[in-house]
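Scroll down for the structure; my scribbles are underneath it.
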Amino acid sequence: MKMILKIARKELQLLFYSPVAWVLLILFVLQTAMMFSGKYEEFLKRNEFEGGGINYSHSIIVFILGGLWNLVSRYLYYYIPLLTMGIVSRELSSGSIKLLYSSPVTNSQIILGKFVSMVIYALVMCCILLLYVFVAGGTIQNFEWGAVLIGLLGLFLLTCTYAAVGIFISSLTTYQFVAAVGTFLSLMFLTYVGTWWQEYDFIRDITYWLSINGRASTFINGMICSEDLLYFPLVMVLFLSLTIIRLNAIRQKIPFLKTLGKNIIIIIAVCFIGYLSSRPVLMTYYDGTSIKWNTLTKQSRDILSKLDGDLTITGYCNVLSGSYSWVGYPYFIQKNRELFKQYERFKPEIKLRMVYYYDSLVMADGEKVAEYFAKECAKEPNQTLWERAKFKSERTTLDSTILKTPEEIHRKLDLTGERTFVWHIKRENGDSSWLRIYNDMIVYPVESEISAALKRLTMDLPKVAFINVYKSRTASDYTPWGYSMVAGEKSYRESLLNQGFDVVEVDLNKEIPSDVDILVLSDWREIFTSEEEMVLRNYIASGRNLFILGEPKRREIMNPFLRKLFGVELMEGTLVQYRQPEMAPDVLVAVVDSCAVNLSYQYGRIPYVVLPNAAGIEQVKDCGFEMIPILKTDTVATDVQKKENRPYYVWNEMEGLDYMDEKLIYNPSADEVAKEYYPAVALRRMVNGREQRVIVTGDADCISNGELAQRRSAVNLYMILGSFHYLSDNEMPVDVRRPAFRDTEVFIDRAGYDILHAGFLYVLPLLLFGICMFLWIRRRGR
């Protein structure tokens with residue numbers, strides 16, 4: 001040990017007497033200081049002009065130091081090769097290695113001494129980063145010390161690993177430039193090796209483990225994973241051992257084959273240990289964040305705890321579908337594991353599989369999917385399915401021999417309606433459910449969808465029935481006025497089907513099935529017959545829940561039913577308001593009432609909902625229901641950017657909606673009343689010992705296909721999720737909320753920022769430059 005430290009001291013002297021180490025250190029400070037002070041400048045301006053606080057949905061720590069840590073992890077790729085390029089090659093080119101050989105020192109001591117010197121240099125870099133941590137800790141509310149220091153640990157391990165690689169490459173050549181380039185290439189190899197040979201099962205796991213890409217990210221996010229924690233020391237041991245074997249071969253003139261054998265043994269040993277460390281059953285985790293943002297929510301963990309026995313998740317990919325690019329073979333195999341990694345953490349016995357096959361696509365799989373397939377077939381009308389699949393395989397480097405035929409798939413599983421890409425989740429007892437990818441920017445499922453699919457295996461989920469009578473809007477209606485998107489569109493992430501509900505359609509010719517939990521009545525065009533009304537009365541008397549969506553023009557048809565059974569009515573007229581110039585006055589922007597947040601957390605995620613052509617709801621008699629506002633009209637309209645001489649309040653327009661030629665005028669003499677209206681309300685009462693819940697809206701378009709497809713109504717989906725969450729007795733969708741971030745404020749003023757900015761961008765670099773000059777002058781003097 002004494003000899004190792006002596007060699008390390010000598011290396012540090014050579015390192016810090018050279019300008020390279022100091023130049024890199026000063027550049028390191030300048031780059032990190034610019035980013036750090038830049039982030040603080042943003043919060044200074046926020047404090048000065050916007051009253052402080054953060055408007056982001058993430059932690060300030062992630063915003064400031066998380067970004068800095070990521071920046072450093074990218075810069076290290078360029079720094080370390082320049083530091084290590086001469087650490088051994090210098091000895092080889094000058095012949096000084098022979099002097100070391102003549103002294104009582106082993107090759108292991110030489111290499112470990114040089115490595116210790118680089119570890120100390122890495123500590124110096126981390127000490128500089130620690131200065132930022134102390135400043136952030138003193139200025140950020142509820143500073144996440146644990147998460148930040150874990151991130152710093154990851155950067156230290158990454159630096160040491162890069163150094164071990166650089167030392168090995170430096171031992172292979174007498175030219176420092178070649179050593180630097182070789183180290184760059186080696187680090188590039190370690191970055192991209194995880195994408196190579198993915199088509200071979202065992203090799204895929206080895207190369208994926210060997211890849212250094214993203215290893216530090218786990219630490220930067222504030223979590224320690226045993227796999228990543230072991231990765232860095234194992235790779236260090238690998239490259240330091242290869243270096244020692246290399247020097248032994250030179251020193252003792254060991255035959256090439258014997259040296260090669262030793263290299264292969266050490267590589268196999270390290271890779272085997274790494275492979276074992278990547279097995280889910282052997283992995284352990286520590287989430288260093290205060291709110292555990294790297295960990296599944298309690299609700300998801302509770303679901304997993306109820307899944308006794310084996311669980312198999314099999315992805316079925318049809319190579320002839322347009323979604324193949326998102327789940328293509330073989331890169332998706334490891335992506336598949338990443339998607340379920342947090343679930344494997346709490347249930348390591350999950351079995352993940354992928355099946356690639358080919359089959360035709362029909363309307364049952366989706367209208368757009370079928371159209372895509374038809375167009376592809378039209379290009380080569382004489383090709384068979386197999387020929388198309390083989391051509392697609394050759395074009396995408398997929399081995400066509402692994403493809404399952406349609407007959408093989410049909411014998412195993414009925415994929416009707418799912419023949420694009422789908423996961424089939426199956427328990428040991430035979431229960432199963434589906435999980436899909438979605439037509440949005442995220443594409444892949446996240447915790448809410450995955451946990452919903454798993455929850456289906458543990459209980460009977462809420463069943464929603466849409467009434468199909470008198471041209472009411474139904475789950476199977478694909479027109480702009482229908483509800484197919486919100487009810488069961490498989491490619492729509494927020495559809496009820498994907499959020500854990502079962503969806504059916506029923507009529508009123510017979511009693512509503514007893515397993516229906518939520519009945520949806522919308523925009524029916526004729527008054528119910530006495531028999532139909534009796535069916536509805538029986539359903540309501542059973543205490544089950546309803547979602548009733550009205551329309552102003554159906555007021556005369558709907559009000560008798562609403563008044564008799566619930567004591568509410570759609571008010572006369574259509575609610576209008578002049579808001580933005582480009583928005584029609586009958587497209588109402590209604591704000592979420594504060595009372596609604598107590599009904600469902602989903603309502604708290606949105607400030608408003610867009611209601612095209614809505615009526616107000618009022619309670620006209622007592623039927624035992626308590627009425628709670630969900631939406632109320634916005635009589636302030638604070639988002640109007642340019643005030644004009646026109647009314648901004650809301651009134652019930654009684655004289656018609658012909659506003660194309662001239663603006664609507666508020667006319668009290670026509671019984672038009674300007675006040676606060678409630679276009680959506682909740683009703684509740686106790687029936688048979690349980691709370692019955694009903695939602696009534698004065699607009700049926702707010703959840704329609706056409707409205708959801710418009711950008712103006714992006715927030716309406718939370719109205720949908722909130723309503724069905726409330727009506728399902730807050731069972732679904734799965735509540736995957738996390739505690740709020742606590743570090744919500746940066747205490748910085750102009751004077752403090754000026755000191756911080758000058759200290760890191762000017763004083764610290766000049767201090768390092770001064771130390772460099774002092775050592776250089778002192779050395780020249782000697």
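The values are calculated or read from the model by the stated rules, or taken from the named source; none is laboratory data. This structure is a prediction, so every number in the text was calculated from the model and none was measured. Glycine gets a Cβ as well: all are built from the backbone with ideal geometry, and neighbour counts include every protein chain shown. With ligands, DNA and RNA removed, areas are computed over all heavy atoms of the protein, side chains included. Shrake-Rupley method; radii C 1.70, N 1.55, O 1.52, S 1.80 Å.
Any chance the stretch 526-541 includes a residue that's touching a strand residue (DSSP E or B) at 6+ places or on another chain (Cβ under 8 Å) and either in a loop (DSSP other than H, G, I, E, B) or open to solvent by 20 Å² or more (accessible area, probe 1.4 Å) (or both)?
yes
Of all the residues that make up the stretch 553-565, how many are in contact with a strand residue (DSSP E or B) (Cβ under 8 Å, 6 or more places away or on another chain) and open to solvent by less than 20 Å² (accessible area, probe 1.4 Å)?
Within the stretch 553-565, residues that are in contact with a strand residue (DSSP E or B) (Cβ under 8 Å, 6 or more places away or on another chain) and open to solvent by less than 20 Å² (accessible area, probe 1.4 Å) number 3.
Looking at Ala147, Ala136, which one is farther than 26 Å from Val763 by Cα and either open to solvent by less than 20 Å² (accessible area, probe 1.4 Å) or not aliphatic (A, V, I, L, M) (or both)?
Ala147
Can you spot a residue in the stretch 280-293 that is out of contact with any helix residue (DSSP H, G or I) (no Cβ under 7 Å at 6 or more places or on another chain), of a type outside the set (Asp, Glu), touching a residue at least 24 places away in the same chain (Cβ under 8 Å) and open to solvent by less than 40 Å² (accessible area, probe 1.4 Å)?
yes
Condition (residue is of a type in the set (Lys, Arg) and either closer than 20 Å to Ile720 by Cα or at pLDDT 95 or above (or both)) applied to the stretch 523-536: is it met by at least one residue?
Among the residues of the stretch 523-536, not one is of a type in the set (Lys, Arg) and either closer than 20 Å to Ile720 by Cα or at pLDDT 95 or above (or both), which makes the answer no.
For the stretch 194-205, does any single residue satisfy the condition of being touching a Lys or Arg at 6+ places or on another chain (Cβ under 7 Å), open to solvent by less than 70 Å² (accessible area, probe 1.4 Å) and at pLDDT 80 or above?
No, the conditions are met nowhere in the stretch 194-205.
Quick check on this structure: which one of Lys426, Lys390 is touching a helix residue (DSSP H, G or I) at 6+ places or on another chain (Cβ under 6 Å) and either closer than 18 Å to Phe332 by Cα or open to solvent by 40 Å² or more (accessible area, probe 1.4 Å) (or both)?
It is Lys390.
Of all residues in the stretch 707-735, how many are farther than 17 Å from Asp440 by Cα and open to solvent by 20 Å² or more (accessible area, probe 1.4 Å)?
4
Is there any pair with a first residue in the stretch 613-633 that is touching a residue at least 60 places away in the same chain (Cβ under 8 Å) and a second that is surrounded by fewer than 16 Cβ atoms within 10 Å (Cβ to Cβ) whose Cβ atoms are under 6 Å apart and which are 6 or more apart or on different chains, and what are they?
Qualifying pairs under 6 Å: Gly624/Arg685; Phe625/Arg685.
Identify, from the list Ser472, Ser476, the residue that is open to solvent by 30 Å² or more (accessible area, probe 1.4 Å) and in a loop (DSSP other than H, G, I, E, B).
The unique qualifying residue is Ser476.
Tell me yes or no: at least one residue of the stretch 743-756 is loosely packed, with under 14 Cβ neighbours inside 10 Å, in contact with a Ser or Thr (Cβ under 6 Å, 6 or more places away or on another chain) and modelled with pLDDT under 90.
Checking the stretch 743-756: at least one residue is loosely packed, with under 14 Cβ neighbours inside 10 Å, in contact with a Ser or Thr (Cβ under 6 Å, 6 or more places away or on another chain) and modelled with pLDDT under 90.
Could you check, for the stretch 504-515, whether at least one of its residues is surrounded by fewer than 22 Cβ atoms within 10 Å (Cβ to Cβ), in contact with a strand residue (DSSP E or B) (Cβ under 6 Å, 6 or more places away or on another chain) and closer than 17 Å to Ile695 by Cα?
Scanning the stretch 504-515 turns up no residue that is surrounded by fewer than 22 Cβ atoms within 10 Å (Cβ to Cβ), in contact with a strand residue (DSSP E or B) (Cβ under 6 Å, 6 or more places away or on another chain) and closer than 17 Å to Ile695 by Cα.
Quick one: which of Phe346, Phe332 is in contact with a helix residue (DSSP H, G or I) (Cβ under 9 Å, 6 or more places away or on another chain) and surrounded by fewer than 19 Cβ atoms within 10 Å (Cβ to Cβ)?
Matching residue, one of Phe346, Phe332: Phe346.
Can you pull out every residue in the stretch 722-736 that is touching a Phe, Trp or Tyr at 6+ places or on another chain (Cβ under 9 Å) and either outside any loop (DSSP other than H, G, I, E, B) or charged (D, E, K, R) (or both)?
Listed by number, the residues that qualify are Gly722, Ser723, Phe724, His725, Tyr726, Leu727, Asp735.
For the stretch 676-699, give me each residue that is outside any strand (DSSP E or B) and either farther than 22 Å from Leu549 by Cα or open to solvent by less than 40 Å² (accessible area, probe 1.4 Å) (or both).
Hits for the stretch 676-699 are Tyr677, Pro679, Asn688, Gly689, Gly698, Asp699.
Provide a single number: the residues in the stretch 630-657 that are under 17 Å from Gln577 (Cβ atoms), at pLDDT 80 or above and either open to solvent by less than 30 Å² (accessible area, probe 1.4 Å) or more than 45 Å from the chain's Cα centre (by Cα) (or both).
So the answer is 10.
Is it the case that Glu494 is open to solvent by less than 50 Å² (accessible area, probe 1.4 Å), within 21 Å of the chain's Cα centre (by Cα) and among the charged types (D, E, K, R)?
It is true that Glu494 is open to solvent by less than 50 Å² (accessible area, probe 1.4 Å), within 21 Å of the chain's Cα centre (by Cα) and among the charged types (D, E, K, R).
Taking the stretch 351-381 only, how many residues are open to solvent by 90 Å² or more (accessible area, probe 1.4 Å) and touching a strand residue (DSSP E or B) at 6+ places or on another chain (Cβ under 7 Å)?
Here the count works out to 1.
If we only count helices (runs of 4 or more DSSP H) wholly inside the stretch 121-234, which ones have 1 or more residues that are without any contact (Cβ under 8 Å) to a residue 12 or more places away in the chain and more than 25 Å from the chain's Cα centre (by Cα)?
The qualifying helices (runs of 4 or more DSSP H) are 176-192, 201-210.
Would you be able to say whether some residue in the stretch 200-219 is more than 20 Å from Leu15 (Cα to Cα) and touching a strand residue (DSSP E or B) at 6+ places or on another chain (Cβ under 9 Å)?
Yes, the stretch 200-219 contains at least one residue that is more than 20 Å from Leu15 (Cα to Cα) and touching a strand residue (DSSP E or B) at 6+ places or on another chain (Cβ under 9 Å).
Looking at the structure I just gave you, is Ile442 closer than 26 Å to Ser325 by Cα, touching a residue at least 24 places away in the same chain (Cβ under 8 Å) and in contact with a strand residue (DSSP E or B) (Cβ under 6 Å, 6 or more places away or on another chain)?
Criteria not met by Ile442.
Test Ser57 against the criterion of being under 21 Å from Cys160 (Cα atoms), modelled with pLDDT under 85, open to solvent by 30 Å² or more (accessible area, probe 1.4 Å) and of a type in the set (Ser, Thr, Tyr), and give yes or no.
Answer is no for this residue.
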